[in-house]
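> Quick one: this structure, given as structure tokens, is what I'll be asking you about.
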Amino acid sequence: MFEPNTGELQEKLEKKRRLIRVAMGQERADLVLKNATYVNVFSNALCHADIAVAEGLIAGMGRYSGTTEVDCSGKIVLPGFLDAHIHLESSLVSPAEFVKAVLPHGTTTVITDPHEIANVMGTEGVDYMLQATEGLPVDVRFMLPSCVPATPLDEAGAELDYRSLERFYAHPRVQGLAEMMNFVGVVNGDAGCLEKILSAQSFHKKIDGHAPDLPINTLNAYMSAGVYSDHECHDLDDAIAKLERGQFIMIRDGTAARNLEALMPLLTTQYADRCMFCTDDKHPSDLLEKGHIDHIVRKAIRLGADPIIAVKAACHTAARYFLLNNRGGVAPGYLADFVIIDNFRDFNIEQVYKEGRLMAENGVMADFPAPEIAPALHRRARETFHLPTLSAADFETSASRSIIGMVDGEITTVDAGRAERADPDSDILKIAVVERHKNTGHIGVGYLRGYGLRSGAVATSVSHDSHNIIVVGASDADCAAAVNRVAELGGGIVVWDGGRSVAEVPLPIAGIMSDAPLATVNETLEAAKAEAHRLGVGRGIDPFMTLSFMALPVIPTLRITTRGVFDVTTQRYT
């Protein structure tokens, strides 16, 4: 409600008056980027002017003087980048550590879907992430998780209906409802799915999609329900079908899925105003070695995209889509979020400003305080494992079970027959998912071929999307020991061999994130990968990412759940 006589209003009025005076040239700016060449996302051209900043906003472009002046001759000034869809938890580190990684690469805003932690902690997981991102120098906006659990087959730590989510829509950093993965439920009129969509619409919020390769009438039905975007397009035909019907296309290029090359024809004047960039999942090594949205822009330009179109996809389109009307451009009244590069060819980021404050220079970050988490939430996030100590007997089977056959270079699988016991020499390993949220005692057991492990076991609590413990091993005893060690750590990744843990990555925040620095997490993660490969896991396989998707029962053909091996095609346990 507008309160015209409050002290806060008076302060805002004075800031607004000062911004106007600076724009008029009547008062010195806080910061001026002198002699700037900047990308004008409105005229699709490079423009030349001084850029004046006051009170964290752009006052104007023209001829200005300021308290601080930075000569930008020979450089190019871009708006701050925006990741249109990411799960911060996929970085395996706290949000503050994530920010330290991406801000030097020019990212000043991200749209996150906290469904990973919500599958563990429910609404408390959303509360945790809101607190953990408050006041960070990268603006973290939220889309509320639409599918917790991801499917009725999952045993997650919580179940969220529309009532659970409604209180969050009043939060100023909540933009809408995240990827509606259950497109089957939507087109079949499932009440739970439609209630969440109707609830989001009642608050005038965006609704993101997640629906690859739908037949046309099914796509029509899905979109008619109110789904406005999609980030799952892996080929051009799918993307064009959605774009022609009005969806915005999030061109994804992250760690687990890379679709930029297939969708490059969208980055033309015909389609680009409906396209934006996102990473979805971004793992530590990728953040450290390649970067973030800047990596996608650099790659798009290298593949032939017009640099201005690539820059607009990295900031402007997403800002318009999410109704973030004061970012995504260099214009009066916009946030003074800038990325200064040397040139489009090399695309080296030299400086990054957030609301007019220099936050990174040549990859070096300015210090900032980490947000405080309420003590109760801090404890809750570190107490998410509820299961007994397991023994080899818990993994024994008396009958044959299905073999999940891995496919080289893919996360899809095939039905590879049946087995009665593990046989590492024949590349048949025991695989299991252990329920860890509610102490149900449920353990789903099957077999896996194509992983290559010759001895020991690999276990992880990063197991999409419910994040139970998934383990693959050469023996029942090794499986039990690795799972027990994951639980002892309060979550993480364990490589077990010879009766001991030979490598581990502790993830004590909900079993999916570390509180250590990104570089430390990456070092331990790479060491664990090396140990897994030493034990026989194929060199072309990411030992842990591969396992994390084996438990997601929406990807064909066979998956493992807490109730056993599930055939996604026939929708039956096998």
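> Suppose we keep only residues that are open to solvent by 10 Å² or more (accessible area, probe 1.4 Å) and not charged (D, E, K, R) within segment 446-467. Which one would you say is nearest to Thr524 (Cα to Cα)?
This residue is Val462.
> Take the residues in segment 280-301 that are of a type in the set (D, E, K, R) and in contact with a Phe, Trp or Tyr (Cβ under 9 Å, 6 or more places away or on another chain), then tell me which one is nearest to Phe544 (Cα to Cα).
If we take residues in segment 280-301 being of a type in the set (D, E, K, R) and in contact with a Phe, Trp or Tyr (Cβ under 9 Å, 6 or more places away or on another chain), then Lys282 is nearest to Phe544 (Cα to Cα).
> Let me ask you something else. For segment 270-381, please list each of the strands (runs of 3 or more DSSP E) lying entirely inside it that holds at least 3 residues being open to solvent by less than 30 Å² (accessible area, probe 1.4 Å), in contact with a helix residue (DSSP H, G or I) (Cβ under 6 Å, 6 or more places away or on another chain) and in contact (Cβ under 8 Å) with a residue 12 or more places away in the chain.
275-278
> Okay, moving on. For segment 206-225, indicate whether the set of residues that are among the aromatic types (Phe, Trp, Tyr) and either open to solvent by less than 10 Å² (accessible area, probe 1.4 Å) or touching a Leu at 6+ places or on another chain (Cβ under 7 Å) (or both) is non-empty.
Yes - at least one qualifying residue is present in segment 206-225.
> I've got another one for you. Residue under question is Val483, and the condition is that it be more than 30 Å from Met180 (Cα to Cα) and not in a helix (DSSP H, G or I); does it hold?
Here the answer is no, as Val483 does not meet what is asked.
> What are the residues in segment 23-45 that are hydrophobic (A, V, I, L, M, F, W, C), exposed (fewer than 15 other Cβ atoms within 10 Å of the Cβ) and within 33 Å of the chain's Cα centre (by Cα), if any?
Result: Phe42, Ala45.
> Among the residues of segment 9-19, write down those that are surrounded by fewer than 15 Cβ atoms within 10 Å (Cβ to Cβ) and under 16 Å from Ile58 (Cβ atoms).
Of everything in segment 9-19, those that are surrounded by fewer than 15 Cβ atoms within 10 Å (Cβ to Cβ) and under 16 Å from Ile58 (Cβ atoms) turn out to be Lys15, Lys16.
> Residues of segment 474-500 being touching a Lys or Arg at 6+ places or on another chain (Cβ under 8 Å), within 26 Å of Glu89 (Cα to Cα) and buried (at least 22 other Cβ atoms within 10 Å of the Cβ), which ones?
Scanning segment 474-500 gives Cys479, Ala487, Val494, Trp496.
> Another question about this same structure. Is it the case that some residue within segment 361-373 is modelled with pLDDT of 95 or more, within 20 Å of His442 (Cα to Cα) and in contact with a Gly (Cβ under 9 Å, 6 or more places away or on another chain)?
no
> What is the residue count in segment 192-205 for residues that are open to solvent by less than 60 Å² (accessible area, probe 1.4 Å) and under 24 Å from Val554 (Cα atoms)?
Matching residues across segment 192-205 total 5.
> Quick one: in segment 501-528, which of the residues that are of a type in the set (Gly, Ala, Ser) and in a loop (DSSP other than H, G, I, E, B) is most open to solvent (accessible area, probe 1.4 Å)?
Looking at residues that are of a type in the set (Gly, Ala, Ser) and in a loop (DSSP other than H, G, I, E, B), I get Ala516.
> Would you please list the contacts, defined by Cβ atoms under 8 Å and residues six or more apart or on different chains, that run from a residue in segment 230-256 that is farther than 22 Å from Asp281 by Cα to a residue that is surrounded by fewer than 18 Cβ atoms within 10 Å (Cβ to Cβ) and β-branched (Val, Ile, Thr)?
What qualifies is Ala241/Ile216.
> Sort through Asp415, Asp394, Asp408 and tell me the only one that's in a strand (DSSP E or B), among the acidic types (Asp, Glu) and either surrounded by 14 or more Cβ atoms within 10 Å (Cβ to Cβ) or touching a residue at least 60 places away in the same chain (Cβ under 8 Å) (or both).
From the options Asp415, Asp394, Asp408, the qualifying one is Asp415.
The values are calculated or read from the model by the stated rules, or taken from the named source; none is laboratory data. Treat the numbers as computed from the prediction; the structure is a model and nothing was measured. Neighbour counts run over all protein chains shown; Cβ positions are idealised from the backbone, glycine included. Side chains are part of the model used for accessible areas, which takes the heavy atoms of the whole protein and leaves out ligands, DNA and RNA. Shrake-Rupley method; radii C 1.70, N 1.55, O 1.52, S 1.80 Å.
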